[in-house]
Each structure stands twice: as C-alpha cells, then as structure tokens.
1. Is the stretch 266-374 rounded, prolate or oblate when judged by the Cα gyration tensor, a ≥ b ≥ c being the square roots of its eigenvalues, rounded requiring a/c under 1.5 and prolate requiring a/b larger than b/c?
2. What does the highest-first list of 386-396, 60-70, 402-412 look like by mean Cβ count within 10 Å?
3. Taking a ≥ b ≥ c as the square roots of the eigenvalues of the Cα gyration tensor of the stretch 349-390, is the shape rounded (a/c under 1.5), prolate (a/b larger than b/c) or oblate?
4. Among Met167, Thr138, Gly203, which residue has its Cα furthest toward the positive end of the charge dipole of the stretch 135-211, with +1 on Lys/Arg Cβ and -1 on Asp/Glu Cβ?
5. Which whole-Hz ³J(HN,Hα) couplings does the stretch 91-104 yield from phi under the Karplus relation 6.51 cos²θ - 1.76 cosθ + 1.60, θ = phi - 60°, glycine and proline marked x?
6. Students often check this: by mean Cβ neighbours within 10 Å, which of 232-244, 273-285 ranks highest, and how do the rest follow?
7. Do any of Lys33/Lys169; Lys307/Lys331; Lys181/Lys320; Lys119/Lys181; Lys97/Lys181 go past 23 Å between their Cα atoms, and which?
8. So if I place +1 on the C-beta of Lys and Arg and -1 on the C-beta of Asp and Glu, and nothing else carries charge, what would the dipole magnitude of the chain be about its Cα centre? I want it in debye, nearest 20.
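The numbers here are math on the coordinates, done by the rules we state, and not lab data. This structure is a prediction, so every number in the text was calculated from the model and none was measured. Every residue, glycine among them, receives a Cβ derived from its backbone with ideal geometry; neighbour counts consider all protein chains shown.
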Amino acid sequence: MNPMPSTRRHLLKAGLAAAVTPYLASSASGRVKLITLSPGPVDLEMPVEGFISEITPVENFFVRCHTMTPKVDAATWQLEISGLVNTPLKLSLAEIKKLPKVELIGVLECAGNGRSFYKPGMPGAQWRFGSVGNAKWTGVRLREVLAKAGLKPGAAHLLLDGADVPMGKMPDFQRSLPLAKANHEDTLLAYEMNGKPLTAEHGFPIRVIAPGWAGDSWVKWLTKIELLDHEHDGFWMKTAYRHPAKHVEPGATVAPAELVPVTDINVKSVIATPGAWAKPGAVLVQGVAWSNSSPVTKVDLSADGGKTWNEAKLLGNATKYGFRRFSYQWKAAEGTHTLMARATNAAGQAQPMEPEWNPSGYLYNASQAREVVVAKTQPSAPAAKAESAAEAPAVYKQACLSCHDDHMMRQQHLTRAQWDREVTKMTGWGSEVKDDQRSALLDFLAARFGL
Ligand SMILES: Nc1nc2c(c(=O)[nH]1)N[C@H]1C(S)=C(S)[C@@H](COP(=O)(O)O)O[C@H]1N2
Ligand SMILES: [Mo]
C-alpha cells in the first residue's frame, strides 16, 4: 500500500493499533511460549522446544512484520492485477476461491533466521533458531490468477504489495518475484494455514507461498500484483534482502554491485531435545531438518562437538518442502557434551560447520552446537547479565520511542559506529535527532545496547 503522510498522529495511531496476541505457555497442548523480539512491529520467534512437530501449530509459528499489522476487511478486500497484462483485473476473495484448490506443505523461513549468531554482528531482528515454521497452505496457483489477466510480451517480474502501511517515511514493503518462480506450479496464493483462514499476523486474507524461498518473498495481506519488465527497484529489493554471490571475509564491506537477491533457503536442522541438562543414560535427541526445493535425505548427529558422526533416524513424512523429523538414541555419560546435527539434501548440499558471513546476516545454516550438561541433578542456571545503567538522554525518548519500544534496541549488540549508521537509517525514516543531540544519543546507545 502507498505510504501515508508522516504525521505524528499517524505514528501514534499505528503504535496503538499494534495487536499483540497473548501467547501462553502450555506443554499439554504442544504449545510453546513464543519469544517476543518486538511487540510492534510484531516479531516473535519459536523457542527450540517447538522443533518437535512436523507441522508447526499456528500458535507456535513465528511472526515477522516490518510495520504494524493491518486490519483487512475480507468483504471489501480486492486483489488488483495491473501493469503488463491484457486485461487489468480486480478479484474478490470469492472469485479467487473459485479457482482450483491446491494444498502444499512447506517451510517458511525468514532470511534473517540465525542472524544473532554471526560474528561480527549486524543490526536487524536478532533471530536465534526460531524464525521458521512448517505449515499446510491452502490456496490457488498464482499462475492461474495470472492467466485470468493474460500476460503481455515483456512481462518478467511481479511487483507484490500488501495492505500494510509503512511508518513515518520508511519505504513501503514491496517485493518483486521473477516470472519463472511465479509460474511454478508450487507457487500459490494461500488463504488457509493448517486448515483455517490465515490469521491477521500471517497475512489475512491472502498471502504468497514461494516454497523453497526465504520469507521475504512470501508477501502477506496481498492487495496488488503489477507485471513489470524489470526487477522492482524499491528499498526492499535493491537494498534489503541482498547478499554476496561469493564468499566474503567476516566483517568485509561489500560493494552493492556484488550483491544478489536472496532466493533459496539453505539445508538446516535444529535440535529440540534434550535441553541444556539431561540425566545420564539413554537420552532421546530429537529435532527437525529442512531444506530448499531439494528435500532432506540424511541427518547426522555428533555427541562430541563434530569429531564423530552417526546417522539419525528420519521420522514422519517425506515432503518436498516440509520439515523432516529426526531422532537419535544417545548413550549419555556424565560430563559436558556438545551435540550437533548436520542435515544433507538430495542435491548433496550439507550444513557447514562454519557460518557463511554476509553483511546483512542472511541464510545462516551452520551446524548448531548444543551444549548439554549430563548430571544426575539439574545444575543451577547461570546468573543473568546485568544491564548497564547508562542514563537515557531526553532525545532518546522523543526520537526513538515514538514508533516502536526499546525491544528493537535491546536485542542489538552494536558498536558505536554501527549505532551511528542505524540512527541514520531511522532519521531517514522520520526520527528527529538534532545535530547537537546526536553524540549523546550515540554514547547512550553504545553503552546500553552495545557489545
Ligand atoms: N506485506 C508484508 N509481507 C511480508 C512481510 C511484511 O512485513 N509485510 N514480512 C515478510 C517477511 S520478512 C517474512 S520472514 C514473512 C514472515 O511471515 P509470518 O509472519 O507469517 O511468519 O512474511 C513476509 N511477508
Ligand atoms: Mo524475513
């Protein structure tokens, strides 16, 4: 949707409209308590205990929003198809649902999943393992919708826009999808997730399903498809969601010309159980593995930090794009051990031991090292790190807490130079910081939310 004027009133209204679903912890129902990275824009991640079910319940499914969650009225909602088409169209939800119904099980993973593990770190949502989930999506093939409009010669990319409205002067979240991916039989416009209408947070009434590709292409609250003869040149295509095509050294500065859009996700696995402590004897190691459009064929397990490996058992259903469960019987002796899982896909790609660092921290898939203390009794939890008591200057409250709260800052671990660039990004989006306030603000950000 087009940006609205950046009035203070709009910012306040957007802030109040941020609906935060109260996720409750309950092990009986298989529900886990999602970790709140930010209450608004809503960013929630699934803790590792959730990586136990093949299909992720909607209540356990991570949420990633670049701006406030829009409220869409299904009765008046329309999908507009325009640009290089023979017949520009506006389709209602009922008209879309008349097309052949398709079901697909597929993993949705945020490109930034695992960002918090990269060293050196970078700004952005500091995801650990859980900005990924696997759902059954029900909808229609995107290519069937395109066929209704008929493509003109030269149509090569689909500009996708949702009903979400940017905050302040931030660029609208708009993405483009190459025609070949849009025309793939598995690329859908979904209206259901796990057999129920999409929830507001997951894109009601319609979202894009781009199996095998990272979440940034899975546009939510879809309202517009415009056929273009070029890749869209907005911020979320040309600046965000790009990574170097070749290996770069950690911490390197990479020229924009060296960056390509993020597409395929990587083969990966997460260990759900045991947690940080287990009793000596037989311990069941369980988790899930997933991949891009080349399915997982094997998961190896190590209980000695990667020195020796044994094949884990694959459980449940083998689907092209879904989670694959695994388990492994571990004979655990007393002591501290490092469990690791390493998934391999049909194309022969395997998880690396070292992460492939890139400037924005995308597509992390290094093998997870899970330290487990094996002892008869549970050790006491290590003391939490005390927060620095740096005093907030007045400018912090006015300039930084008007769109979102300090969850956004608390999760970062940035140097003063990185905070400087972050403040430039935010002032570009509408935060007001006077020249003579900037230094005190940066001192505070680096002291309170620094390395
Ligand atoms: N319109 C719109 N679509 C969007 C987003 C957004 O902010 N706005 N976030 C994207 C990103 S970055 C991800 S990872 C997925 C997250 O989907 P989920 O919140 O349903 O898990 O939605 C994508 N679709
Ligand atoms: Mo994402």
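1. Working: a/c = 2.22, a/b = 1.42, b/c = 1.56.
Verdict is oblate for the stretch 266-374.
2. Details: 386-396: 12.4, 60-70: 23.4, 402-412: 18.3.
Descending mean neighbour count gives 60-70, 402-412, 386-396.
3. On the way: a/c = 5.84, a/b = 1.31, b/c = 4.45.
Oblate shape, in that a/c is at least 1.5 and b/c is the bigger or equal ratio.
4. Value computed over the given set: Thr138.
5. 10, 7, 4, 4, 5, 5, 5, 6, 6, x, 7, 10, 10, 8
6. Values: 232-244: 17.5, 273-285: 15.2.
Put in order of decreasing packing, that is 232-244, 273-285.
7. Values: Lys33/Lys169 33 Å; Lys307/Lys331 16 Å; Lys181/Lys320 16 Å; Lys119/Lys181 33 Å; Lys97/Lys181 21 Å.
Check vs 23 Å cut-off fails for Lys33/Lys169; Lys119/Lys181.
8. Values: 50 positive and 43 negative charges, 145 e Å.
Roughly 700 debye, rounded to the nearest 20.
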